[in-house]
Amino acid sequence: MLTFIVWTIRRQRSLKLRAHLMQEAIRNRDFTFRLPTDGLLPGERAMQLTLNQLGETIRQQVNQSEVESWERLTRVLTHEIMNATAPITSISQSMLGRDDVKSTPLEPGIQAIYDTSRHLNDFVANYRKMSQLEKPVLADQPIRPLLEDISKAYPQLVWKVNLPNMTVRIDTGMLRQVVMNLAKNAVEAGAKTMVVTPPTEASHSPHSDPWAERSTAVTHHFSLYIGNDGLPIPAENRQSLFVPFFTTKRCGSGIGLSLSRRMMIQQGGTLELAEKQEVGCRAGFLLTLLFSDPDPVSL
């Protein structure tokens, strides 16, 4: 009897600690928590699995809300920018054609105004076109042939793909654009090697188990770590990577990663910066897809 009482007290302390850890994670807006289910009673295990899945659901909703907020803000900004620059472009173009401006000291300044306003108009127009994404069309796609095809567009990179033969359910065009954007960024960061692998203990966050919950759960997770050996991402830039228009490149637009994340969210997945890197990599991302098929991944 005493043994049972001691066991019960320890059990309750353990469950209380679990609740505290999850409460702290939520308080700190860390929805990547995923506590183990080993050693739990059937009811406790079911509850822990549900809480783990709840964390993933909250994280998905937070990411979706963040993207939608940036989209609304961007629509307002682009509308205002277009309204402000259109008359500047028109007036400066008209003045460049006047005889009292041609070959005078005024011409270079007016030309600079015209070129800048036109560039800004073109930039906003291109962003509008790119941000108007169509609804994803999901289909079964073997992942290795897709990656091999993408690698041909970047022969300057050595691609190390450590994946079994598997079929995933994705929008092929969207995933292709996401991976190509990551490869393009890697090249611009001076990378020589691209690594594509399921996340290991080095890089995965608790929610991103590459073969997670392949049971009777409604959703299934499949994660990829895509990293490179280029320049690491400075700590001060990590929080702003997915903010529209944020860029550290001289000629960058700052829309590649924000659109890539939006594409993944539209497919029910995510795109995140990896907290830790795989061996041989200095920068990397976790690309997670969520499936509703009974058996989305064929090993």
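The values are calculated or read from the model by the stated rules, or taken from the named source; none is laboratory data. Because the structure is predicted, anything quoted here is derived from the model rather than measured. Every residue, glycine among them, receives a Cβ derived from its backbone with ideal geometry; neighbour counts consider all protein chains shown. Areas reflect the complete protein model, heavy atoms only, side chains present, ligands, DNA and RNA absent. Shrake-Rupley method; radii C 1.70, N 1.55, O 1.52, S 1.80 Å.
Structure data summary
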{"item": "Residues located in segment 74-117, provided they are open to solvent by less than 80 Å² (accessible area, probe 1.4 Å), touching a residue at least 12 places away in the same chain (Cβ under 8 Å) and not β-branched (Val, Ile, Thr)", "result": "82, 86, 92, 95, 96, 111, 114, 117"}
{"item": "Test: residue in segment 209-221 that is modelled with pLDDT of 80 or more, among the aliphatic types (A, V, I, L, M), outside any strand (DSSP E or B) and buried (at least 20 other Cβ atoms within 10 Å of the Cβ)", "result": "no"}
{"item": "Residues of segment 260-282 satisfying the condition of being in contact (Cβ under 8 Å) with a residue 40 or more places away in the chain and either open to solvent by less than 10 Å² (accessible area, probe 1.4 Å) or of a type in the set (Asp, Glu) (or both)", "result": "260, 263, 264, 270, 271, 272, 274, 275, 278"}
{"item": "Any chance residue 32 is touching a Ser or Thr at 6+ places or on another chain (Cβ under 8 Å), outside any helix (DSSP H, G or I) and modelled with pLDDT under 75", "result": "yes"}
{"item": "Top-ranked residue in segment 161-194 [being basic (Lys, Arg) and surrounded by 15 or more Cβ atoms within 10 Å (Cβ to Cβ); ranked as farthest from the chain's Cα centre (by Cα)]", "result": "169"}
{"item": "Checking residue 290 against (1) of a type outside the set (Lys, Arg); (2) more than 15 Å from residue 185 (Cβ to Cβ); (3) modelled with pLDDT of 90 or more, the condition it does not meet", "result": "(3)"}
